[in-house]
Amino acid sequence: MQRKEAEALELKKKYSIPTDLEELQKVEAFIKDYRHFIDNAKTERLATNYIEGEAIAAGFKPYTHGEPLKAGDRVCYVNHDKSVILAVIGSESLNEGCRIIASHIDSPRLDLKPMPLYENSGISYFKTHYYGGIKKYQWTAVPLELHGVVCRADGNKINVNIGANPDEPVFYISDLMPHIGKDQMSKSASEFISGEGLNIINGSMPIDEEGGVKLNILAILNEKYGITERDLITAELTAVPAIMSREVGFDRSLIAAYGHDDRICAYPAARALFDLKIPKHTCVVMLADKEEIGSCGVTGLASEVYPDFIRSLCDSTNANYLSCKRNSICLSADVGGAYDPCYAEAYEANNSCYLNRGIVISKYTGARGKSGCSDASAETMAKMAAMFDAENVIWQVGEYGKVDQGGAGTVATEIANFGIEVVDCGVPLLSMHAVTELASKYDIYQMLKGSRVFFNN
Ligand code: MN
Ligand code: MN
């Protein structure tokens with residue numbers, strides 16, 4: 001064999017950058033919509049509400065278990081206000097299986113404790129308990145928004161959303177000035193800001209000359225929301241960075257935003273579903289909560305709510321649930337950790353994914369010896385690769401980092417446990433789980449393209 005022929009055997013990596021002006025315009029239009037979503041849906045409750053609204057506008061109807069369904073029907077099922085499942089019924093029987101994209105809409109953040117409010121040295125604070133895998137030191141000295149609900153003793157549920165609008169106040173966690181930081185700076189990064197040290201400043205003005213900053217905050221909360229300190233126990237309030245998405249770089253090729261993981265896969269999947277008319281297979285999008293803390297709880301993907309929905313679609317169309325599961329395939333759509341040359345020692349360059357090289361298909365995640373992952377089969381990998389290649393979806397492979405460096409999980413394990421074939425696929429990110437994460441516009445667009453191709457195959 002000559003050199004030329006041998007060179008043709010090598011895998012050529014492709015870039016996800018637009019091929020022409022028309023595609024560039026499509027990318028920019030989609031990114032505009034995505035940024036509107038991500039700036040206005042920073043918690044799972046907000047994301048559920050946003051997607052539900054878009055679904056209703058796209059002709060989806062709320063689904064009641066067991067109601068009869070036919071090809072072309074579009075249904076939407078909201079799970080306890082924190083996750084949402086959407087489906088478009090296909091022309092083939094559900095016995096032939098469905099196409100599922102499962103993704104999550106929760107992100108790492110700071111939750112308020114049940115008794116959050118206290119005062120110290122003339123400053124009023126909220127105590128917090130962090131949610132998901134964060135580097136705690138990143139959360140000091142950044143503006144924070146507050147979102148969530150308060151279920152008042154009188155039975156009313158109050159929505160709280162404050163800090164996103166530039167006219168509104170934000171919240172803040174202080175850090176120690178470097179001038180007197182000698183002891184702090186000698187601690188390891190995991191210790192120099194403690195979990196109990198993440199206390200959010202929410203006010204500083206006493207109610208009168210005798211003091212009482214906490215009392216003043218209680219008075220303001222009561223005037224604004226009609227709540228008392230007791231009502232904070234029956235609340236779910238969460239602090240997220242008050243930072244809006246921004247284009248990054250002279251070429252504006254990247255988007256920095258809070259919570260790309262995993263709304264960056266959830267939104268393209270939902271949009272691809274909205275665009276369907278009558279697909280061959282029934283297509284489903286599951287947008288789950290609680291992935292960041294192990295997919296537990298009634299809104300997490302380990303809950304039977306999700307397979308029950310598939311079972312119910314089978315009942316609604318007179319199909320066999322077990323045949324349906326056997327013939328279904330699922331994309332566990334979650335972000336991949338892109339190779340970061342500034343931290344090259346954590347990666348293995350050949351098996352890492354890269355920005356601007358398209359969506360990343362991951363055969364496995366897990367830690368150490370692939371522990372806890374679903375490890376997609378060669379057959380499943382081949383199906384996905386062939387599907388994407390046939391429609392010019394730019395894709396790559398990627399592990400999370402080098403072997404024994406750590407690891408990660410996704411909802412793929414839960415999907416596999418339902419008895420459904422599954423593979424991980426998503427958008428590569430830099431700075432995953434940081435207060436702002438970085439992704440390529442062109443990779444985000446490939447996620448939309450990939451989701452469309454998956455639904456139409
Ligand atoms: Mn994720
Ligand atoms: Mn994550």
Q) Going by alpha carbons, how many degrees (0 to 90, nearest 10) lie between the helix axis of 305-316 and the longest principal axis of the chain? A) 50
Q) What residues qualify as long-range amide H neighbours of GLY336, i.e. H under 5 Å apart, gap of 5 or more or another chain, H built at 1.01 Å from N? A) VAL427, LEU429
Q. How do CYS314, CYS342 rank by accessible surface area computed with a 1.4 Å probe, from largest to smallest?
A. CYS342, CYS314
(Q) Over 24 Å between Cα atoms: which of LYS187/LYS402; LYS14/LYS449; LYS26/LYS61 fall into that group? (A) LYS187/LYS402; LYS26/LYS61
Q: Give me the accessible area per residue for the chain, probe 1.4 Å, as a whole number in Å².
A: 46
Q | Charge dipole magnitude, Cβ of K and R +1, D and E -1 - the chain, Cα centre, debye nearest 20 | A | 860
Q) 222 nm [θ] for the chain, helices only, -39500 (n - 2.57) per DSSP H run of 4+, per residue, to 500? A) -8500 deg cm²/dmol
Q. What is the magnitude of the charge dipole of segment 109-241 about its Cα centre, with +1 placed on the Cβ of each Lys and Arg, -1 on the Cβ of each Asp and Glu, and no other charges, expressed in debye to the nearest 20?
A. 520
Q: May I ask for the net charge around CYS373, where only other residues with Cβ less than 13 Å from the Cβ of CYS373 are counted and Lys, Arg are +1 while Asp, Glu are -1?
A: -2
Q. log10 I(q)/I(0), Debye, Cα-only segment 326-448, no solvent, q = 0.13 Å⁻¹?
A. -0.49
Q. When the Karplus curve 6.51 cos²θ - 1.76 cosθ + 1.60 is applied with θ = phi - 60°, which whole-Hz ³J(HN,Hα) does each residue of segment 19-36 get, with x for Gly and Pro?
A. 8, 8, 4, 4, 5, 4, 5, 5, 4, 4, 5, 5, 4, 4, 5, 4, 5, 4
**Q.** Heavy-atom accessible area ranking, 1.4 Å probe, most first, across SER190, SER440, SER371
**A.** SER190, SER371, SER440
Q | Rough spin-label spacing in nm, given labels placed 7 Å along Cα→Cβ, for ASP208 and ALA189 | A | 5.0
Q. If amide H atoms are built 1.01 Å from N in the plane of the peptide, which residues on other chains or at least 5 residues away come under 5 Å of the amide H of VAL248?
A. SER253, LEU254, ILE255, ALA256
Q: Pop out the carbon and sulfur fraction of the accessible area of segment 370-449 as a percent, whole number, probe 1.4 Å.
A: 51
Q. Which shape class, rounded, prolate or oblate, goes with the chain when its Cα gyration tensor gives a ≥ b ≥ c as root eigenvalues, a/c under 1.5 marks rounded, and past that a/b bigger than b/c marks prolate?
A. oblate
Q: Could you state the angle between the C-alpha long axis of helix 260-274 and the longest principal axis of the C-alpha atoms of the chain, as a value from 0 to 90 degrees rounded to the nearest 10?
A: 50
Q: Name the residues whose placed amide hydrogens come within less than 5 Å of the amide hydrogen of VAL397, ignoring near sequence neighbours (fewer than 5 apart) on the same chain.
A: ILE361
Q) Excluding LEU276 itself, what net charge comes from residues whose Cβ is under 13 Å from its Cβ, given Lys and Arg +1 and Asp and Glu -1? A) +4
Q. How large is ³J(HN,Hα) for each residue in segment 113-122, as worked out from phi by the Karplus curve 6.51 cos²θ - 1.76 cosθ + 1.60 (θ = phi - 60°), to whole Hz, x for Gly and Pro?
A. 6, x, 10, x, 8, 8, 10, 9, 6, x
**Q.** Whichever aspartates and glutamates have a C-alpha closer than 17 Å to that of LYS441, once near sequence neighbours (fewer than 8 apart) are set aside
**A.** ASP20, GLU22, GLU23, GLU28, ASP33, ASP39, GLU247, ASP251, ASP261, ASP262, ASP334
Q) Counting Lys and Arg as +1 and Asp and Glu as -1, what is the net charge of the other residues whose Cβ lies under 13 Å from the Cβ of LEU46? A) -4
Q: Work out from phi, with θ = phi - 60° and the Karplus expression 6.51 cos²θ - 1.76 cosθ + 1.60, the ³J(HN,Hα) of each residue of segment 282-299, listed in order in whole Hz, and give x for Gly and Pro.
A: 5, 10, 10, 10, 10, 10, 9, 9, 6, 4, 5, 10, x, 6, 7, x, 5, 9
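The values are calculated or read from the model by the stated rules, or taken from the named source; none is laboratory data. The shown structure was predicted, so the numbers you read here are calculated from the model rather than taken from an experiment. Cβ atoms come from the backbone with ideal geometry, glycine included; neighbour counts cover every protein chain shown. Note: accessible area is taken over every heavy atom of the protein model, side chains too, but ligands, DNA and RNA are not part of it. Shrake-Rupley method; radii C 1.70, N 1.55, O 1.52, S 1.80 Å.
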